[in-house]
Amino acid sequence: MGNVKSLGEFIVERQDDFKYAKGELSRLLSAIGLAARVVNREVNKAGLMEDILGDAGADNVQGEAQKKLDVYANDEFIRALKDRGEVCGLASEENEGVIEFKSGYSVDGQYVVAIDPLDGSSNIDVNVSIGTIFSIYRRTSKSGPATFEDFMQKGVEQVAAGYVIYGSSTMMVYTTGNGVNGFTLDPSIGAFFLSHPDMKIPENGKIYSINEGNYVHFPEGVKQYIKYCQVEDPSTSRPYTSRYIGSLVADFHRNLIKGGVYIYPTTTSSPNGKLRLLYEANPMAFLIEQAGGVATNGYDRILDIQPTSLHQRTPLFVGSKNMVKKAMDFMAEHSPKGK
Ligand code: AHG
Ligand code: MN
Ligand code: MN
């Protein structure tokens, strides 16, 4: 197959970049790749499966209706990561507390994983792109199953992060802190191949992505930035284009490739924003910085935020460097911090 490189080959080839025990993180990333392929199979036939579509009949910890595919994906990632010896515990959007993995090995797993197993779940039933987001840390506790404290690490401590997008094609995009690489699934043989090496986000873009239906509830700085995006100014390619899918993974992926800014700010009903720090904002922030972009909460770098709870929320401004900075200028001027 010429120069085509599989995800497995790439992981092994790059494992020397990694400063800790080489094989473990590689095996962990491979396990995520495997679970992603299993979830992909179910996502692809979701329209055929009456028992897959629709509500699972329970609410998740956020009180949102859990979809069957959310539950399925959560179970699949847990199954793929437990009992293998690399991971000692998981924090998932779908589980209130830490999921502890008790290892049967002499050395307990050295990693913890925070995961949004199915992101964009409101798009499942309408055949629109959805995703999985994951974030990997070294444990801070010594041994045994993971503890709550293992997850209370700033985003800068992530050793790897990435997402899977179940879109018109399925891709896995990840970083271990040495750039961002994207792999496309060849469904005919069930393997990911390197398709987007060393991804970089353009410093300037023409796309802004925000749920404008919430406009009336946005901070003044965001309202003013949206107006700025809509003003005609050929020298800065304005007016920009508005694109919002409602799946963070899909909106992020498009903006990563084309250039753009994604904003989920505070609103009057969600004073801390909607997105979750541990398994949405932090992994995307790590990826975007590795791709040359910026991620903040409107004022401060996402990766420097000290978490205090598993499901904590944060506003998110993420994307092309100059676009995020411009939006932050509007925040500083019209919605100064702490006011
Ligand atoms: P999830 O499906 O994991 O709960 O995440 C949904 C998130 C994110 O994917 C998306 O960007 C955002 O919610 C959309 O929210 P709005 O519908 O409020 O725009
Ligand atoms: Mn999500
Ligand atoms: Mn989710």
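The values are calculated or read from the model by the stated rules, or taken from the named source; none is laboratory data. Quick caveat: nothing in here was measured; it's all calculated off a predicted structure. So basically every Cβ, Gly included, is an ideal-geometry build from the backbone, and we count neighbours across all protein chains shown. Note: accessible area is taken over every heavy atom of the protein model, side chains too, but ligands, DNA and RNA are not part of it. Shrake-Rupley method; radii C 1.70, N 1.55, O 1.52, S 1.80 Å.
Summary table below
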| quantity | calculated |
| --- | --- |
| Test for ASN211: is it of a type outside the set (D, E, K, R), open to solvent by 50 Å² or more (accessible area, probe 1.4 Å) and touching a helix residue (DSSP H, G or I) at 6+ places or on another chain (Cβ under 6 Å) | no |
| Within the range 258-272, considering residues that are of a type outside the set (Phe, Trp, Tyr) and open to solvent by less than 20 Å² (accessible area, probe 1.4 Å), the one farthest from HIS196 (Cα to Cα) | THR267 |
| All positions within the range 298-327 that are open to solvent by 40 Å² or more (accessible area, probe 1.4 Å), under 29 Å from ILE257 (Cβ atoms) and of a type outside the set (Lys, Arg) | TYR299, ASP300, ASP304, ASN322 |
| All strands (runs of 3 or more DSSP E) inside the range 152-262 with 2 or more residues being within 16 Å of ligand 3 (Cβ to nearest atom) and either at pLDDT below 95 or not hydroxyl-bearing (Ser, Thr, Tyr) (or both) | 160-166 |
| Residues that are within 16 Å of ligand 3 (Cβ to nearest atom) and either of a type in the set (Phe, Trp, Tyr) or in contact with a Gly (Cβ under 7 Å, 6 or more places away or on another chain) (or both), drawn from the range 284-325 | ARG313, THR314, LEU316 |
| Close pairs (6 angstrom Cβ cut-off, 6 or more residues apart or separate chains): over 25 Å from PRO202 (Cβ atoms) in the range 307-328, in a loop (DSSP other than H, G, I, E, B) and of a type in the set (S, T, N, Q) anywhere | ARG313/ASN272 |
| The range 114-142 - residue that is in contact (Cβ under 8 Å) with a residue 60 or more places away in the chain and away from ligand 1 (no atom under 16 Å from the Cβ) and, of those, surrounded by the fewest Cβ atoms within 10 Å (Cβ to Cβ) | ARG138 |
| Residue in the range 238-257 that is aromatic (Phe, Trp, Tyr) and either open to solvent by less than 30 Å² (accessible area, probe 1.4 Å) or without any contact (Cβ under 8 Å) to a residue 24 or more places away in the chain (or both) present | yes |
| Count of residues meeting criterion [buried (at least 22 other Cβ atoms within 10 Å of the Cβ) and more than 13 Å from ligand 2 (Cβ to nearest atom)] in the range 81-98 | 7 |
| Hits in the range 263-280 - residues which are in a strand (DSSP E or B) and hydroxyl-bearing (Ser, Thr, Tyr) | TYR264 |
| Which listed residue is under 19 Å from LEU118 (Cβ atoms) and either surrounded by fewer than 21 Cβ atoms within 10 Å (Cβ to Cβ) or in contact (Cβ under 8 Å) with a residue 24 or more places away in the chain (or both), from THR184, THR170 | THR170 |
